[in-house]
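A quick write-up on the structure given underneath.
The values are calculated or read from the model by the stated rules, or taken from the named source; none is laboratory data. Since we're looking at a predicted model, the values are computed, not measured. Reconstructed Cβ throughout: ideal geometry from the backbone, glycine too, with neighbour counts over all protein chains shown. In case anyone asks, the SASA skips ligands and DNA or RNA and just uses the protein heavy atoms, side chains included. Shrake-Rupley method; radii C 1.70, N 1.55, O 1.52, S 1.80 Å.
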Amino acid sequence: IRRAVRHAIERKGIYEELRDMQMQLIQSEKMESIGRLAAGVAHEVKNPLAQILMGIEYLNTGIEPDDENVPKILASMEHALHRADEIVRGLLDFSSDRKLGLVETDVNALIEKALVLVEIRFKEQSIELEKDLAPDLPTVRLDPVKMEQVLINIIFNAAQAIEGAQAIDEQEQPGKITIRTRANTL
């Protein structure tokens, strides 16, 4: 009996060790994805910040009280600030290590959010993005942060496949990624 108990304890220890290794691999993959995103995110954040800076410079030029451009510039600056905040929050959510949190989620909105983080990669690689998102999708119960990670990884894999195909063909033709959603009606 002692031998069986000792053997069971050893198996439990091995199982826990394997589970810990799996969690480390998942975290490692997540960090690798963050590394690939970092350059793109930095570039994406620079654009709204440059827009805000231009607005501030314009407002500092000694504008007239009735200058009709001021409301437009302020609206543009506010939009740029929200865009930069959205990008940074998305990266922070993506990098956090947390438990599964299932909530009713709009899949199309989740896809749009994931695309904000990868759009610069598409531009750099001359990849055309086609979105065909069904307008009346029901919400789905899932963990939006984890699912966003999955979507980003799938999109990056597709971009890498296009990059590989371009290298094999030795052509500079742009690739195309189509993202499509549909409701399955039974």
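Annotation note: Cβ proximity below 8 Å between a residue of the stretch 114-142 that is within 22 Å of GLY35 (Cα to Cα) and a residue that is open to solvent by 40 Å² or more (accessible area, probe 1.4 Å) and acidic (Asp, Glu) (sequence gap 6+ or interchain) occurs for VAL116/GLU86; PHE122/GLU128; GLN125/GLU163; SER126/GLU172. Cβ-Cβ contacts under 9 Å between residues 6 or more apart (or on different chains), taken from a first residue in the stretch 49-77 that is touching a residue at least 40 places away in the same chain (Cβ under 8 Å) and open to solvent by less than 90 Å² (accessible area, probe 1.4 Å) to a second residue that is not charged (D, E, K, R) and not in a helix (DSSP H, G or I), are absent.
Counting only strands (runs of 3 or more DSSP E) that sit wholly inside the stretch 76-186, those with at least 1 residues that are modelled with pLDDT of 85 or more, in contact with an Asp or Glu (Cβ under 7 Å, 6 or more places away or on another chain) and of a type outside the set (A, V, I, L, M, F, W, C) are 140-142, 176-181. Selection within the stretch 102-141: residues that are of a type in the set (Lys, Arg) and out of contact with any Pro (no Cβ under 9 Å at 6 or more places or on another chain). The member of this set that is farthest from GLY175 (Cα to Cα) is ARG141.
Regarding GLU16, is this residue loosely packed, with under 13 Cβ neighbours inside 10 Å and not in a helix (DSSP H, G or I)? Give the derivation first.
Values: loosely packed, with under 13 Cβ neighbours inside 10 Å: yes; not in a helix (DSSP H, G or I): no.
Spelling it out, it is not the case that GLU16 is loosely packed, with under 13 Cβ neighbours inside 10 Å and not in a helix (DSSP H, G or I).
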